[in-house]
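The values are calculated or read from the model by the stated rules, or taken from the named source; none is laboratory data. None of the values given here were measured: they were computed from a predicted structure. Methodologically, a virtual Cβ is constructed for each residue, glycine included, from the backbone with ideal geometry; neighbour enumeration extends over all protein chains shown. These area figures cover heavy atoms from the full protein model, side chains too; ligands, DNA and RNA do not enter into them. Shrake-Rupley method; radii C 1.70, N 1.55, O 1.52, S 1.80 Å.
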Amino acid sequence: MKIRSESGGVETRIVVLLLVSVLSMATERCPSFEIAKGINGLDKIVLRECRSRSAEVYLYGGHVTSWKNENGEELLYLSSKAIFKPPKPIRGGIPLCFPQFSNYGPVESHGFARNRIWELDANPPPLPSNSSSDAFVDLILRPKEDDLKMWPNNFEFRMRVALGSEGELTLTSRVRNTNSDGKPFSFTFAYHTYFSVSDISEVRVEGLETLDYLDKLRNRERFTEQGDAITFESEIDRIYLSTPTKIAILDHDKKRTFVVRKEGLADAVVWNPWDKKSKKKISDMGDEDYKHMLCVEAAAIERPITLKPREEWKGRLELSAVPSSYSSGQLDPKKVLQ
Ligand code: TA6
């Protein structure tokens, strides 16, 4: 753009002013943390990272419902029919299954943490973090009277949701046994993550090859994964046992790979309800939605976590979305396990 002298002067100033305001807006807004009213007036936290990446967490369920990349693209599936009204869990995003995964215990399926109102944690104990992020929020859940009737244990469930400088989304959970009667307790757990995919029949999951799994569609019988990657052509509902800490979901159409890194969570659940179950059994999910979602859930199921009073467990999930070419080589299970 050629700037002429006299009028050129004025134009330069305008350009500079524009640049300054864009920059100040950008620096002002990022990284940032904002409390806002979400669907049905439920409180949510909006995290923003500098390059227009963002994440949203509802206090209802401590539930991450959105994670967007620098192009503003949504990376998590959230059902258009999701119900944002207690006690119905929100369909999509990252529901938290605690103190019980599925019906592995005495309380309601997937536990009660996902349909309780969490609080902002004003003074969380320090959390050594290995990722640089200033956009984060700390939440806390403690049992209410009704919860204690169902699951008679006192606990503090703290969770930090952080949006990293490379756009990675990290959820770090810390569960502490605060029973004053000396009683230990055990629980199972899952980050029930719904990934948004372009076309489920074009997706493959790497990192679970050769592992044993419990197949919910076959009475939770134990089988061994034979394939060199998991691909999808029908309903799947499996708990993969003692998996590597890194799993990849390759979405060829989108030339995107989700990398799931996990700590303190030995297992991984892979779920897609496919057409029949979506239509017949899952009213808060669109009939065709199964084509655009896949749950890969970092979990602790086979060996429940047991905590004595004052003991604390930490379970960390880090999600990143990278251009596909990066991944497939890197995530050869043999290499990953080295
Ligand atoms: O994680 C897989 C699974 O346990 C499936 O069996 C299916 O029930 C899914 O969770 C959804 O559960 P929800 O209670 O949210 O409908």
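How much net charge surrounds A190 when only other residues with a Cβ under 9 Å from its Cβ are counted (Lys, Arg +1; Asp, Glu -1)?
Values: positive: none; negative: D267, E297.
So the surrounding residues net to -2.
On the protein heavy atoms, probe 1.4 angstrom, tell me the percent of accessible surface of region 33-323 carried by carbon and sulfur. Display every interim value, and only then the final one.
Values: 5960 of 12170 Å².
Heavy-atom surface of region 33-323 belonging to carbon and sulfur, 1.4 Å probe: 49 percent.
To the nearest ten degrees, helix 6-29 and the longest principal axis of the Cα atoms of the chain are 20 degrees apart.
From most to least packed by mean Cβ count within 10 Å, the peptides 278-287, 312-321 give 312-321, 278-287. Shown here is the pair-distance distribution of region 33-323: with all Cα-Cα distances grouped in 5 Å bins from zero up to the longest one, the shares run 1, 5, 12, 17, 20, 18, 14, 8, 4, 1, 0 percent.
Around K216, under 9 Å between beta carbons, what's the net of Lys plus Arg minus Asp minus Glu among the other residues?
Working: positive: R218, R220, R238; negative: D215, D237.
With Lys, Arg at +1 and Asp, Glu at -1, the net is +1.
DSSP finds beta bridges in region 51-149, and of those with both partners inside it, around 90 percent are antiparallel. Label separation (D228 vs S242): 2.5 nm, computed from points 7 Å beyond Cα along the C-beta direction.
Which of the peptides 292-298, 218-224 is most tightly packed, and how do the rest follow, going by the mean number of other Cβ atoms within 10 Å of each residue? Present the calculation step by step, with values, prior to reporting the outcome.
Numbers: 292-298: 23.4, 218-224: 10.6.
Descending packing order for the listed peptides: 292-298, 218-224.
With each label modelled as a point 7 angstrom along the Cα→C-beta vector, the S52-D253 pair spans 2.3 nm. Think of a 1.4 Å ball rolled over the protein heavy atoms: the chain then has 48 Å² of accessible area per residue.
Suppose the chain between T12 and D181 were pulled fully straight at 0.36 nm per residue; how much longer would it get relative to their current alpha carbon spacing?
Separation in residues times 0.36 nm, less the Cα-Cα distance, equals 53.6 nm.
In the distance distribution for region 246-298, Cα-Cα pairs more than 15 Å apart total 56 percent. The label point for E235 and the one for K279, both projected 7 Å from the Cα toward the Cβ, are 1.3 nm apart.
For the cross-link pairs K85/K216; K216/K308; K254/K291; K262/K291; K183/K246; K85/K279, which exceed 23 Å when the distance is taken from alpha carbon to alpha carbon?
In this structure, K85/K216; K216/K308; K262/K291; K183/K246 lie more than 23 Å apart at Cα.
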